[in-house]
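Report on the structure given below.
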There are 2 protein chains.
Amino acid sequence: MDTEPTSYRDRKVISIGTVSELTGLSERQIRYYEERKLVFPDRTKRGFRKYSFDDVERLMDIADKIEDGVQTFEIRQEMIRKKKAETKENVRENMLRGQLNAHFNLRK
Amino acid sequence: MDTEPTSYRDRKVISIGTVSELTGLSERQIRYYEERKLVFPDRTKRGFRKYSFDDVERLMDIADKIEDGVQTFEIRQEMIRKKKAETKENVRENMLRGQLNAHFNLRK
DNA sequence: CGTGTAAGGAATTCTGACACG
DNA sequence: CGTGTAAGGAATTCTGACACG
């Protein structure tokens, strides 16, 4: 529905040390934000975390909010709200699509 | 001149183990292609290789050629030829640009 | 609540070399 | 030429926990 199915932005290939350098956050912080369910890295077979560029950006956003005094709990709530809004939008979009399809199928 | 100055495609953040999984090549092969000057990973302070998605793609191209019996030496030659061709093109492009600028600067 | 740190162990990566062909 | 492998060492990452506040 977007550009690519899974673009470079979404491939989980970056290890935590590199993410730490990229974001300026400590590994401790990065792992803690995962514990609070704000980021969801993949794991290699041996259990090593792998992040995407998208995760890196999300982490920087999180860091900004934390600095502004927002609690991880609130950040999570916000995330969930946004996700729900998106889902609703998709439902509407698909309904519209269905109606259009029905319309054109009848005509032909 | 292109899209972004340094997009996700060009950021060197992937370690050799992950590149090995992504490409299906052994670490030995990946290091050897570097020795033959076909790829140029960055290094962390401690000397760990870091690759970009672009490197990953290049490695898969290299692997295809090797399979077809092309020698690393030839692959390298080819790379150099292409780079030179690009450089020439840029030179022409910049000359043209310069002429256009001169033209419009005179008019104004 | 968010983050630092020391602890012990397991997995990763590095280089130089020998091997095969 | 291209690639596998064993070798020894150094650096990375993991988890659970104690600490401060």
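The values are calculated or read from the model by the stated rules, or taken from the named source; none is laboratory data. On a predicted model such as this, the values are computed, not experimentally measured, just so you know. For neighbour counting, all protein chains shown are included, and Cβ atoms are generated from backbone atoms with ideal geometry for every residue, glycine included. What goes into the accessible areas is simple: the full protein's heavy atoms, side chains included, and nothing from ligands, DNA or RNA. Shrake-Rupley method; radii C 1.70, N 1.55, O 1.52, S 1.80 Å.
Could you tell me which residue of region A:1-51 is nearest to the other protein chains (Cβ to nearest Cβ), considering only residues that are open to solvent by 30 Å² or more (accessible area, probe 1.4 Å) and among the aromatic types (Phe, Trp, Tyr)? This residue is A:Tyr8. All of (1) in contact with a strand residue (DSSP E or B) (Cβ under 6 Å, 6 or more places away or on another chain); (2) farther than 21 Å from B:Ser15 by Cβ hold for B:Ile80 with one exception: (1). Among the numbered criteria (1) small (Gly, Ala, Ser); (2) part of a helix (DSSP H, G or I); (3) within 20 Å of A:Asp10 (Cα to Cα), which single criterion is violated by A:Gly47? With respect to (1) small (Gly, Ala, Ser); (2) part of a helix (DSSP H, G or I); (3) within 20 Å of A:Asp10 (Cα to Cα), A:Gly47 is out only on (2).
Scan region A:52-79 for residues that are part of a helix (DSSP H, G or I), open to solvent by 40 Å² or more (accessible area, probe 1.4 Å) and within 16 Å of DNA strand D (Cβ to nearest atom) and the total you get is 2. Does any residue of region A:94-104 turn out to be part of a helix (DSSP H, G or I) and closer than 25 Å to A:Lys12 by Cβ? No. Can you confirm whether A:Val70 is more than 14 Å from every other protein chain (Cβ to nearest Cβ) and either touching a residue at least 24 places away in the same chain (Cβ under 8 Å) or aliphatic (A, V, I, L, M) (or both)? For A:Val70, the condition - more than 14 Å from every other protein chain (Cβ to nearest Cβ) and either touching a residue at least 24 places away in the same chain (Cβ under 8 Å) or aliphatic (A, V, I, L, M) (or both) - is met. Close Cβ contacts (under 6 Å, 6 or more residues apart or on different chains) running from residues in region A:20-46 that are more than 11 Å from DNA strand D (Cβ to nearest atom) to residues that are open to solvent by less than 30 Å² (accessible area, probe 1.4 Å) and among the aromatic types (Phe, Trp, Tyr) comprise A:Val39/A:Tyr33.
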